[in-house]
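The values are calculated or read from the model by the stated rules, or taken from the named source; none is laboratory data. Note that the structure is a prediction, hence the values are computed from the model and not measured. Ideal geometry is used to build each Cβ from the backbone, glycine not excepted, and the neighbour counts take in all protein chains shown.
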Amino acid sequence: MKDKRILTIQDVSCVGQCSLTVALPILSACGVETCILPSAVLSTHTGGFKGFTFRDLTDDIPKIENHWIAEGITFDAVYTGYLGSAKQIDFVKDIMKRTLRPGGLKIVDPAMADNGKLYVGFDEAYVKCMKDLCGYADMILPNMTEACFLTGTEYRSEGHDASYIEGLLKKLGELGTGTVVLKGILDGKNRLGNAVYDVKSGKTEYYYTERIQKTSHGTGDCYASAFTGALMQGMTVFNAAKLAADFVVESILQTIGDDDHWYGVKFEKALPVLVQALNRPEMRSENAKLITERRTYVIDGNRFSNMEGFYDEVYRVMTKGKAWDSRTGHNLDSFNDVLRGGFGMHGYGEPIRIVWKNYDKSKEDLGAEKTGKILEIILRDGEDHDCLPVLCD
């Protein structure tokens, strides 16, 4: 498949994991050439920081666009996030008209509201302009609050039953877009859902993940960026929506426990989810081949403090959902069998790598003797298995 080039238009929050600060690395991790057009530059994002600086770049946008036109620069998709004004929305529509290649996609995340309220600086006039942009787009990715503002629907913080969601989707489709990806559905069963609605066929598909009781800034941007990257790599809309949801869940889980990290999610630690699913090109150098040709398991010493916990972690990482059962294999001989393959995620004799994070903590928790025995098993090769260990502090 020919490599794709995408343009993403949104603000730069220099500190705070949102907007272009997350879009550029996430899209790049998906293996997509990513070009950017900053709509504004802020010292931090606006969610919880005080006294932030704001530099409006509206007047620069048409100059940049005209330079691209003169250079013949075009894109396979234009993906928009936070836009600072109605005037910028008009510029975005013009950029889409003039720089998209034939068949290029217009993807709009109407980033303007959350938790039942518009972001600071936005009003009903801005909402009206965003409606027009959504109608011009091929795909839109609103959260529940944005969907309600776009459709004039009463916002519900909970109790998103089928009739409520279906009504929202239908009204969003009437704006003129081709596909709606609705985020943040709460079904009353402690699940968080996404709905993918194809306007032309009327078909709706749902995907639910666990609901994590943690509010985090920037998760919508992480979702939209991962979704767009997956789409550009050939995934279907629904599968891209699923992967994006799983990526966001992992990003939140990677952040839990660090109370000082309130301003965003540690999406960087979840990037392997995308890399392994999407961006696995044929390696050129021999060293790169050695690294990438092995299936990698990450065992985290922060998740256990005794041997039973270690075995549970092995089950979670290496065998969950496969033939191996969590109630069996809680001894080192069985651990060796798992490494050999055929019981879990990798096949018999398949070369693997184990990354042991927070190894020093595990050595202290389990004891030097027990940890040494585990390492001895991991380091066995030949008839037993081919496992490359990486120990991390």
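Overview of values
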quantity: Selected residue [of a type in the set (A, V, I, L, M) and over 16 Å from residue 11 (Cβ atoms)] from 111, 70, 86, 40; calculated: 70
quantity: Qualifying residue in region 317-338 (condition: at pLDDT 80 or above, in contact with a Leu (Cβ under 9 Å, 6 or more places away or on another chain) and not in a strand (DSSP E or B)); calculated: yes
quantity: Answer residue from region 339-370, given it is farther than 15 Å from residue 302 by Cα and in a helix (DSSP H, G or I) and is modelled with the lowest pLDDT among those; calculated: 340
quantity: Enumerated strands (runs of 3 or more DSSP E) restricted to region 1-97, each holding at least 3 residues that are assigned by TED's automatic domain parsing to the domain that holds residue 252 and of a type in the set (Phe, Trp, Tyr); calculated: none
quantity: Every residue from region 95-127 that is of a type in the set (D, E, K, R), without any contact (Cβ under 8 Å) to a residue 40 or more places away in the chain and closer than 25 Å to residue 200 by Cα; calculated: 97, 101, 106
quantity: Matching residues in region 214-256 - criterion: being free of Cβ contacts under 8 Å to residues at least 40 places away in the same chain and either β-branched (Val, Ile, Thr) or under 19 Å from residue 303 (Cβ atoms) (or both); calculated: 215, 236, 246, 248, 250, 251, 254
quantity: Selection within region 70-99 - over 14 Å from residue 132 (Cβ atoms), at pLDDT 95 or above and in contact with a strand residue (DSSP E or B) (Cβ under 6 Å, 6 or more places away or on another chain); calculated: 74, 75, 76, 77, 78, 79, 81, 99
quantity: Evaluation of residue 87 against (1) loosely packed, with under 13 Cβ neighbours inside 10 Å; (2) of a type in the set (D, E, K, R); (3) farther than 26 Å from residue 231 by Cβ (one fails), failing number; calculated: (1)
quantity: Filter pass, residue 145 being part of a loop (DSSP other than H, G, I, E, B) and at pLDDT 95 or above; calculated: no
quantity: Count of region 117-147 residues which are among the aromatic types (Phe, Trp, Tyr) and either out of contact with any helix residue (DSSP H, G or I) (no Cβ under 8 Å at 6 or more places or on another chain) or more than 17 Å from residue 172 (Cα to Cα) (or both); calculated: 2
quantity: Criterion (under 21 Å from residue 121 (Cα atoms) and out of contact with any His (no Cβ under 9 Å at 6 or more places or on another chain)) met by exactly one of 105, 24, 7, 20; calculated: 20
quantity: Residues of region 98-127 classified as within 23 Å of residue 237 (Cβ to Cβ) and in a loop (DSSP other than H, G, I, E, B), total; calculated: 4
quantity: Flag if residue 184 is among the small types (Gly, Ala, Ser), assigned by TED's automatic domain parsing to the domain that holds residue 128, closer than 20 Å to residue 240 by Cα and in contact (Cβ under 8 Å) with a residue 40 or more places away in the chain; calculated: yes
